[in-house]
1. Would you be so kind as to identify which of Gly98, Gly315, Gln214 lies farthest towards the positive end of the dipole of the chain, taking Lys and Arg as +1 and Asp and Glu as -1 on Cβ and the Cα centre as origin?
2. At q = 0.13, 0.15 Å⁻¹, what log₁₀ I(q)/I(0) does segment 130-252 have when each alpha carbon counts as one equal point scatterer in the Debye sum?
3. Can you give the convex hull volume per residue for the Cα atoms of segment 301-426, as a whole number of Å³?
4. With r defined as the distance between the Cβ atoms of Leu362 and Ala488 and R0 fixed at 35 Å, what FRET efficiency is calculated, to the nearest 0.05?
5. With +1 on each Lys and Arg Cβ and -1 on each Asp and Glu Cβ, how big is the dipole of the chain about its Cα centre, in debye rounded to the nearest 20?
6. Can you give the accessible area of Arg438 in Å² (nearest 10), computed on protein heavy atoms with a 1.4 Å probe?
7. Largest first, how would Glu108, Glu232 line up by accessible area (1.4 Å probe)?
8. If you take every residue apart from Phe149 with its C-beta less than 13 Å away from the C-beta of Phe149, what net charge results, scoring Lys and Arg +1 and Asp and Glu -1?
Amino acid sequence: MSTTAKAGAGDGHVWLVGGGPGDPGYITVAGLAALRRADVVLYDRLSPPELLDECPPEAVRIDVGKAVGRQAMTQDQINAALVEHGRAGKRVVRLKGGDPFVFGRGGEEAEALIEAGIAVTEIPGITSAIGGLAAAGIPITHRGIAASFAVVTGHEAPTRSEQATDWQHLATAVDTLVVLMGVGNLDAIAAALIEGGRARSTPCALVHAATTPQQRVVAATLEHIAQAARDEGVEAPALFVVGEVVRLRSRLAAAGRGTLAGKRVLITRTRQQASSLAEALRSESALPVLLPAIEILRRADPSAVDAAVQALRSGAYGWVVFTSENAVEVTFELLRDRDADARLFAGARLCAIGPATADALLARGLRADLVPAEATGEGALAALLAAGAGGTQVLLPRAEGARMVLPDGLRAAGSTVDELTLYLAAPPASPPEGALDRIRRGEIDIVTFTSSSTVRNLVAVLGRDIEALRGALIACIGPSTADAAREAGFVPDVVAAEYTIAGLVAALRAAVNMREQA
Ligand code: SAH
């Protein structure tokens with residue numbers, strides 16, 4: 001291809017991406033890479049909503065579940081939209097739940113694109129039929145118990161005259177039968193399977209919203225499963241599984257997956273920072289619920305920044321103290337805007353409060369001279385004074401409304417402190433409704449606070465709904481955060497000994513262990 005070729009018609013490409021059964025961590029590496037480069041994303045009800053945050057901020061997001069007014073787009077309209085964006089030369093991701101080719105109409109979309117001459121790539125996903133069952137502790141095959149399986153749509157009611165599915169034949173043809181889209185037809189399906197020769201006593205289960213924080217399992221025999229589903233109010237999306245493997249659930253479900261397995265954990269830090277904690281929790285089989293209680297609003301006064309840059313250039317500062325990852329990030333943004341870089345700090349000693357802050361500096365090529373053992377204002381003050389910061393000129397870039405312990409203490413020791421206000425940690429303008437609903441329904445097991453501003457802002461975001469969190473285990477990353485939690489009327493059950501994400505998760509494990517043994 002010539003190097004002067006312009007993007008445009010002919011360059012468009014559509015990726016049909018399987019988003020997995022629900023947990024955003026179950027997308028493939030290839031699927032995630034496609035999302036991160038997308039110009040346009042078309043998604044629907046079953047694709048994990050959190051994955052939309054992985055697209056570039058400027059990407060166009062189209063909900064095909066209700067894109068035209070409140071009305072869902074028809075399949076023809078979806079095909080046409082894919083073709084249109086592909087023709088316009090865009091990188092288009094069609095994000096689907098599970099695998100695109102398992103009752104996902106991915107094949108039809110691929111055909112429409114090929115017919116229109118637009119490049120299309122399918123990136124497989126974990127289908128709910130297998131991965132969703134696994135999340136409920138049900139292996140689809142098991143040595144000695146099930147050596148075959150079938151995945152069937154339950155959308156076609158067995159009573160219809162020209163039925164598409166031969167239920168009676170299927171009844172005994174395979175060991176494990178997984179029915180998708182079957183909740184509405186359970187009576188008829190169960191009856192047809194029994195009529196086809198499957199034992200009434202065959203163990204069955206319904207797994208609703210597998211791998212998400214709403215996951216719920218209802219089990220009964222084939223004879224009673226439809227009634228059990230009605231009694232328990234099981235709704236779509238749900239998997240209906242029939243077969244002896246369901247018995248393994250009691251052994252494989254939560255057991256052995258760790259203390260935090262299945263716990264719904266509220267994460268209140270910013271969206272950008274939530275992922276490290278969410279990933280640590282997911283690897284413990286916990287279910288993270290994201291409600292970013294703070295948004296970082298830029299608040300720097302340009303002339304104050306100019307003055308600080310000037311002073312850095314002239315080597316005036318003995319110390320620069322970074323109090324958080326956010327402070328590092330916003331500082332470097334401001335330097336970039338002024339065509340300056342890390343060399344500005346060459347003459348100063350650097351203090352990073354907390355290991356994550358030190359890592360943020362390291363990522364920008366700067367090794368902190370001092371990382372106070374205790375990541376609090378008091379701990380930092382003591383460490384800075386011991387390191388000889390008293391009497392020097394100190395630059396303190398930080399948040400509006402931050403605690404005064406550090407600047408007051410340094411001034412008392414004869415230092416000149418330039419506080420540079422960079423940002424305000426404010427409550428979000430539009431908090432995610434899904435997370436709010438979960439909180440209101442009292443579904444949260446554990447609340448995590450990773451800074452005092454997350455506590456104060458969560459209170460502001462929730463208003464009276466904060467009461468729904470009173471029964472949850474309250475976990476704080478350190479003592480200042482715990483103080484803020486107490487001020488907000490919480491009783492911190494967990495205060496991490498090491499003020500890091502790993503420290504917080506370890507403390508949580510220990511606390512949940514103790515609670516459950518009590
Ligand atoms: N392509 C998807 C299936 C789409 S059909 C896949 O591979 O998983 C939609 C049906 O899938 C739903 O009616 C339900 O039966 C099932 N399903 C999808 N996600 C589910 C989930 N997280 N929990 C339970 N069932 C799910």
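1. So the residue we want is Gly315.
2. -0.44, -0.59
3. Cα convex hull per residue, to the nearest whole number: 96 Å³.
4. E between Leu362 and Ala488, to the nearest 0.05, is 0.60.
5. Computed charge dipole of the chain: roughly 560 debye.
6. Here the residue's solvent-accessible area equals roughly 40 Å².
7. In descending accessible area the options line up as Glu232, Glu108.
8. Net charge around Phe149: -2.
The values are calculated or read from the model by the stated rules, or taken from the named source; none is laboratory data. If you're wondering where the values come from, they're calculated on a predicted model, not measured in any experiment. Glycine gets a Cβ as well: all are built from the backbone with ideal geometry, and neighbour counts include every protein chain shown. Side chains are part of the model used for accessible areas, which takes the heavy atoms of the whole protein and leaves out ligands, DNA and RNA. Shrake-Rupley method; radii C 1.70, N 1.55, O 1.52, S 1.80 Å.
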